[in-house]
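Participant: Below you'll find the structure I mean.
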Amino acid sequence: MQIETERLLIEEAHADDRATIDGLVALFNSNPEFHRASGERVIWAAADLENYLADDPNPRYPDLESHEYTVRERATGLIVGTVELIAPIPSDRINWIALMMIQGDRQGAGLGSEVVAAIEHELFSAGWNEIRVFVHRDTVLAHQFWTGAGYQPIGEALSASGKPGMVLRKPRSAP
């Protein structure tokens, strides 16, 4: 999948591309609050991101098909975000945005909203009936972002790392 918006290019991430790995290291390290809340490491090295992209299957979701994407600014080619999609979870036949992260110093500029709108358009056009996300309990800004994007809470759950949070969903609108 490759998606272009006015400002962004969303494309599959590759573990063998050094520029991608370096951009992802900077991105992941720009969001320490998210990583603290999720129970993951706070400092990421190139090897961590190479493993994250190369894992097949992803150890966090061993029975699922996950796809990782970079979000690049079209004007500069710089990585300003990442998206991980999981499709579908066998137990509920629902597809998930497992991760959507924007560079820490670029948050609040509408990039996340642009990414989510583009991903939703692509997935709903491809026939997905619903998209779900998991938001860690301690990430208030993330919860505000997703509810502002039209996602509705449907229940509490634990993350893959055992941290509490909320599952939110957004159904496809009627044509």
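Only the coordinates and a few stated rules stand behind these numbers; no lab work does. Fair warning: this is a prediction, and the values are worked out from it, not measured in the lab. Quick reminder, even Gly has a Cβ in these numbers, built from the backbone with ideal geometry, and neighbours come from all protein chains shown.
Participant: Taking the Cβ of Lys170 as the centre, find all other residues whose Cβ is under 10 Å away and add up their charges (Lys, Arg: +1; Asp, Glu: -1).
Facilitator: Net charge around Lys170: +1.
Participant: While we're on this one: Fewest to most neighbouring Cβ within 10 Å: what's the order for Thr147, Thr82?
Facilitator: Lowest count first: Thr147, Thr82.
Participant: Follow-up question, since we're still on this one. If the convex hull of the alpha-carbon atoms of the chain is projected onto planes in all directions, what is the mean projected area in square nanometres?
Facilitator: 9.6 nm²
Participant: For Val140, Val71, which order do you get if you count the other beta carbons within 10 Å of each Cβ and list the fewest first?
Facilitator: The most exposed by this proxy come first: Val140, Val71.
Participant: What does the extension gain come out to for Asp17 and Ile43, with contour length at 0.36 nm per residue minus their alpha carbon separation?
Facilitator: That works out to 7.3 nm of additional length.
Participant: Same structure again: Taking only DSSP H segments of four or more residues, each worth -39500 (n - 2.57), what value at 222 nm results for the chain once the sum is divided by all its residues, to the nearest 500 deg cm²/dmol?
Facilitator: -9000 deg cm²/dmol
Participant: Taking 0.36 nm per residue of separation and subtracting the Cα-Cα distance, what length does fully extending Glu6 through Ile154 add?
Facilitator: Contour length minus Cα-Cα distance gives 50.0 nm.
Participant: Further, regarding this structure: Sequence gap at least 6, Cα distance under 8 Å: using those rules, report the relative contact order of the chain to the nearest whole percent.
Facilitator: It comes to 19 percent, rounded to a whole number.
Participant: For Val80, Val25, what ranking results if the residue with the fewest other Cβ atoms within 10 Å of its Cβ goes first?
Facilitator: By the 10 Å Cβ count, ascending, the order reads Val25, Val80.
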